[in-house]
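For reference, the structure is listed below as structure tokens.
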Amino acid sequence: MTKRLIHLENNLIRLTSVSAYISTLGGGFFLCRYLSTALTLAKQQCRIAYMRGDEAMAWKCRINEGYCYIYGGKLNRAKRVIRNVYLEVCEKLRQNNSGRKCFEDPIYLQGVRVELDELTIIKNMCKSAFWFANKVIDAGLRDHD
């Protein structure tokens, strides 16, 4: 049992390190406009976040994926990805708020304590990304896909 725990802890440490490495690479590639690479990195980081049990990080990675689609001109796909994240976060907020004694009580995502503020931030990130996609459409800078 002890060996198994050590193995799991080592895997978590490796996944955390790989996630940080990918996060650093993603920003550099994104700014350099290597969108296909940025998209791949966002998806990989999302997979790692789910493997780590970090649902909040996975949502943020999916929002980054949505931004990649916006910059790639795939606005409908971007809006769909962002909308799905938004709906999942809103559902999590509803679940966490029902049955809670106090609004300030901590909530948990897959056993990891998360402050309510983090979910609200993710929800607002979705709103901002969705707004940006609509502005790109309104300006006629990209075609709908």
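The values are calculated or read from the model by the stated rules, or taken from the named source; none is laboratory data. Note that the structure is predicted; figures quoted are calculated from it, not measured. Glycine gets a Cβ as well: all are built from the backbone with ideal geometry, and neighbour counts include every protein chain shown. Surface accessibility is based on the protein's heavy atoms, side chains included, excluding ligands, DNA and RNA. Shrake-Rupley method; radii C 1.70, N 1.55, O 1.52, S 1.80 Å.
So the values come out like this:
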| read-out | value |
| --- | --- |
| All positions within the stretch 31-67 that are without any contact (Cβ under 8 Å) to a residue 60 or more places away in the chain, among the small types (Gly, Ala, Ser) and open to solvent by less than 40 Å² (accessible area, probe 1.4 Å) | ALA38, ALA42, ALA49, GLY53, ALA58 |
| Qualifying residue in the stretch 104-113 (condition: under 25 Å from THR40 (Cβ atoms), modelled with pLDDT of 85 or more and in a loop (DSSP other than H, G, I, E, B)) | no |
| Every residue from the stretch 124-133 that is surrounded by fewer than 19 Cβ atoms within 10 Å (Cβ to Cβ) and touching a residue at least 12 places away in the same chain (Cβ under 8 Å) | LYS127, PHE132 |
| Selection status of GLY99, over 27 Å from MET51 (Cα atoms), open to solvent by less than 60 Å² (accessible area, probe 1.4 Å) and either small (Gly, Ala, Ser) or at pLDDT 75 or above (or both) | no |
